[in-house]
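Peer 1: Quick one: structure below, then a few questions.
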Amino acid sequence: ACYPHKKFENIKSYHNLEPRFSAKYQLNPATSIKASYQRMVQYIHLTSNTAASLPTDVWVPSTNNIRPVKGNQVALGVFRNFLNNKIEASVEGYYKFNHDEVDYVDGAELLINPYVEGDLLNGVGRAYGLEFMVKKPKGKINGWISYTLARTELKMDGVNQGEWYPTRFDQRHNLKVTAAYKLNSNWSGSKNLTYSAGTPVT
């Protein structure tokens, strides 16, 4: 049965809390350990169909049939300064678990589809990884190097036989290098380098 709604009629309301906590323990003047927890809620969903003749990205709002994505993330890292705070280094691990993720069924038509909710599946998602950074914040030559080893995956009934599979935005490796050189008070130059692994395509 079809139940039409009036223009601007409120179909469904959602209420969620998004608490955030963080803690820091100073081992010594140069070394600290930091931990955090945060809960996030997203009320709009990005569905991407890269297998279509024209790659399609469609934003779908939460409705009475599509619940908002709820995620919980924890992170733990070690931070240390070297050479009298001239060099900063850190390594941090994180794990995020999401409920009510959405993905589309095989052969779904996402563009200009009035019944797009019927082509979407609900499931769970996770993202986890390690981040490394070395930074030189001061001096005539300064900059930073960061590297992230990460995974981003979904698990849906009806996709990949119910096993975890990488999302479109899954990138295993991400390396960034930034360097700046201050010649004098009037002139400076900088160089940026970015390397990242490719994203999955089916």
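Peer 1: Determine the distance separating the Cα centre of the range 1-43 from the Cα centre of the range 174-199; give it in Å without decimals.
Peer 2: Each part's Cα centre sits 33 Å from the other's.
Peer 1: With a 1.4 Å probe and all protein chains left in place, how much accessible area per residue does the range 1-47 have, in Å²?
Peer 2: Per-residue value: 86 Å².
Peer 1: Still on this structure: Return the subset of K34/K155; K34/K86; K24/K86; K12/K155; K24/K96 for which the Cα-Cα distance in this structure is over 23 Å, preserving the input order.
Peer 2: Listed pairs above 23 Å: K34/K155; K12/K155.
Peer 1: Sort out the exposed loop trypsin sites (Lys or Arg not before Pro) in the chain (DSSP loop, at most 15 other Cβ within 10 Å) and tell me the longest stretch that has none.
Peer 2: Between the exposed loop sites, the longest stretch runs 13-85.
Peer 1: If you roll a 1.4 angstrom probe over the protein chains with everything in place, what fraction of the accessible area of the chain belongs to carbon and sulfur, to the nearest %?
Peer 2: Carbon plus sulfur share of accessible area: 57 percent.
Peer 1: If you roll a 1.4 Å probe over the heavy atoms of the protein chains, what accessible area per residue do you get for the range 58-202, in Å²?
Peer 2: Accessible area per residue: 65 Å².
The values are calculated or read from the model by the stated rules, or taken from the named source; none is laboratory data. Note that the structure is predicted; figures quoted are calculated from it, not measured. Virtual Cβ from ideal backbone geometry, glycine too; neighbours counted across all protein chains shown. SASA here: full protein model, heavy atoms, side chains in, ligands and nucleic acids out. Shrake-Rupley method; radii C 1.70, N 1.55, O 1.52, S 1.80 Å.
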